[in-house]
């Protein structure tokens, strides 16, 4: 058990010194200076100073991707200009590939100057305007080749502009010489750590809390009317439960949730002692009138990124040890690192007492329905989905639902099914929690190779799991959740839509835009739309003689019977097309899970161990 308490504060900056960084190391380390002369131009100026550049010409390289987001993002494309100088004057700089610059041989110190366009408001890039500034080091800070394994210093200069009055720096990076607002010098042990501490600069608000003896801080930027005390109280419970799961001691000295409130944003990216989050301001808790469902979604995002503090930031796939920031780092294990995290994000809300068991079961049912509704789950295996993340998951197209499966969603269901399997096979003695604790103990500092988790789960549980993993990871058959749930006192039902009034409707076998023109987004394989010759991008103009758009098409479908052939008018590339389509009855697509009213004694015991209900 650990003690927790909430600390309300507005601008306290957590500052820790690094006694292991000697003065000699600091003098020889690269120094990054970051400044912005006019936030309205969306430009960061980055100066990298190297005291002793390489004799044959110092090279500098920008990452092409950021760990945790598996897509080559080509950060160098945002570089506007590059120059260099030393005490002797200007130094020639040549670009030798898409991400690398080489300075001509010179005596030190060498100063490389970059101007970088920063207008990416996501959690993966860099941003600056007259409201706030933000950056991930991967988007702005090139590494000095040959010096990436040693200490790095970052100096963040105050923005001298009226719009930046009241701005403060928030980051979990170690501060060594900063002012009351956090502007000044920070230090990281190496380049990998330097780019693993995002930085928020704004007139943010903050609330702090303690979980298991570790200080946490929620920093919120953007316009909002949030009840930060309630948010901190709920997130505190989740953090304390997760720390307890992994032994009761956090793997960091302090932790920041850097949160941007926007009109419709959603996303997160994990880091070693912080996370960057973008949330809908309407999902933040308020004293009254906020969206409770949206708030649960928000808490799930906080929980998900925090769980990554263990699973992916410390326990890593061997393919990421070390990261190669010049190209894709392929792994077959994202089903574990993202999927199992997705299982525990909502489960942690239940275990922490933030939601109840019926609410949790509804969230599980939604995940089941989401996977079931993607025909691709019968086409792509989870291992292949992990391997193809770089070219498929992060680059979806109109056919993706038919050919791919989410390693987040199905990975979460694999974790759920494995948890239920272990609990049932060992009468509750061994659970997935047990396996995750052993994983932390054995692999916190030992990279995880393909097959290691499967072997560990078998060794810890004493249960033969070869067939389970073969089916779950390298096959496309349905997971046995339907058979497992009754043994835990859970009733399972499939239905069409959220309510019974959709059961009598028909479907065209396509997914269409919900607003404006009735434009086809995805054609499902083997359905009426495919047989009628519809393709993604087509506009359904009329059905059964009635002019339709996205709003009126559902009303026309209500008048049709399954198997009734009707006329279809569509448009493609400006030409009107006429054909016939035969709508069919929809298949059940909505899973409903409920606590069984009278489970037997064994099921009740297993259910209590899993859900506490």
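The values are calculated or read from the model by the stated rules, or taken from the named source; none is laboratory data. Owing to the predicted nature of the structure, the values given are computational and were not obtained by experimental measurement. Glycine gets a Cβ as well: all are built from the backbone with ideal geometry, and neighbour counts include every protein chain shown.
Looking only at the range 556-585, residues that are out of contact with any helix residue (DSSP H, G or I) (no Cβ under 7 Å at 6 or more places or on another chain) and part of a loop (DSSP other than H, G, I, E, B) come to 11 in all. Among the residues of the range 190-213, those that are surrounded by fewer than 20 Cβ atoms within 10 Å (Cβ to Cβ) and not in a loop (DSSP other than H, G, I, E, B) comprise 192, 193, 205, 210.
Just a yes or no: is a residue in the range 448-463 under 17 Å from residue 242 (Cβ atoms), surrounded by fewer than 16 Cβ atoms within 10 Å (Cβ to Cβ) and out of contact with any helix residue (DSSP H, G or I) (no Cβ under 6 Å at 6 or more places or on another chain)? No. Of everything in the range 99-111 that is part of a strand (DSSP E or B) and under 33 Å from the mean Cα position of the chain (by Cα), the residue that is surrounded by the most Cβ atoms within 10 Å (Cβ to Cβ) is 101. Annotation: of all residues in the range 311-332 being part of a loop (DSSP other than H, G, I, E, B) and in contact with a helix residue (DSSP H, G or I) (Cβ under 6 Å, 6 or more places away or on another chain), the one that is farthest from residue 65 (Cα to Cα) is 332.
Selection over the range 112-128 of residues that are outside any loop (DSSP other than H, G, I, E, B) and surrounded by fewer than 20 Cβ atoms within 10 Å (Cβ to Cβ) gives a count of 4.
Residue 469 satisfies every condition listed in (1) within 26 Å of the chain's Cα centre (by Cα); (2) more than 23 Å from residue 376 (Cβ to Cβ); (3) surrounded by 17 or more Cβ atoms within 10 Å (Cβ to Cβ) except (2).
Considering only residues that are surrounded by 13 or more Cβ atoms within 10 Å (Cβ to Cβ) and farther than 21 Å from residue 539 by Cβ, which ones fall in the range 566-588?
Correct list: 584, 585, 586, 588.
Rundown of residues vs (1) within 18 Å of residue 122 (Cα to Cα); (2) touching a helix residue (DSSP H, G or I) at 6+ places or on another chain (Cβ under 8 Å); (3) modelled with pLDDT of 95 or more, yes/no style:
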| site | (1), (2), (3) |
| --- | --- |
| 221 | yes, no, yes |
| 254 | no, no, yes |
| 259 | yes, no, yes |
| 264 | yes, no, no |
| 269 | yes, yes, yes |
| 286 | no, no, no |
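Every residue, every condition in (1) in contact with a strand residue (DSSP E or B) (Cβ under 9 Å, 6 or more places away or on another chain); (2) under 15 Å from residue 605 (Cβ atoms); (3) surrounded by fewer than 18 Cβ atoms within 10 Å (Cβ to Cβ), yes or no:
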{"position": "396", "(1), (2), (3)": "no, no, yes"}
{"position": "401", "(1), (2), (3)": "yes, no, no"}
{"position": "405", "(1), (2), (3)": "no, no, no"}
{"position": "412", "(1), (2), (3)": "no, no, no"}
{"position": "415", "(1), (2), (3)": "no, no, no"}
{"position": "423", "(1), (2), (3)": "no, yes, no"}
{"position": "431", "(1), (2), (3)": "no, yes, no"}
{"position": "434", "(1), (2), (3)": "no, no, yes"}
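Which one of 536, 528 is buried (at least 18 other Cβ atoms within 10 Å of the Cβ), within 36 Å of the chain's Cα centre (by Cα), over 27 Å from residue 413 (Cβ atoms) and touching a residue at least 12 places away in the same chain (Cβ under 8 Å)? Sole residue among the options that is buried (at least 18 other Cβ atoms within 10 Å of the Cβ), within 36 Å of the chain's Cα centre (by Cα), over 27 Å from residue 413 (Cβ atoms) and touching a residue at least 12 places away in the same chain (Cβ under 8 Å): 528. Residues in the range 586-596 that are in contact with a strand residue (DSSP E or B) (Cβ under 7 Å, 6 or more places away or on another chain) and part of a loop (DSSP other than H, G, I, E, B): 586, 588, 596. Would you confirm, using the coordinates I've provided, whether residue 225 is assigned to a loop (DSSP other than H, G, I, E, B) and within 30 Å of residue 443 (Cα to Cα)? Criteria not met by residue 225. Here the condition is being modelled with pLDDT of 95 or more and part of a loop (DSSP other than H, G, I, E, B); of 550, 613, it holds for 550 alone. For the range 262-282, a residue qualifies if it is surrounded by fewer than 21 Cβ atoms within 10 Å (Cβ to Cβ) and either without any contact (Cβ under 8 Å) to a residue 40 or more places away in the chain or part of a loop (DSSP other than H, G, I, E, B) (or both), and the qualifying residues are 263, 264, 265, 266, 272, 280, 282.
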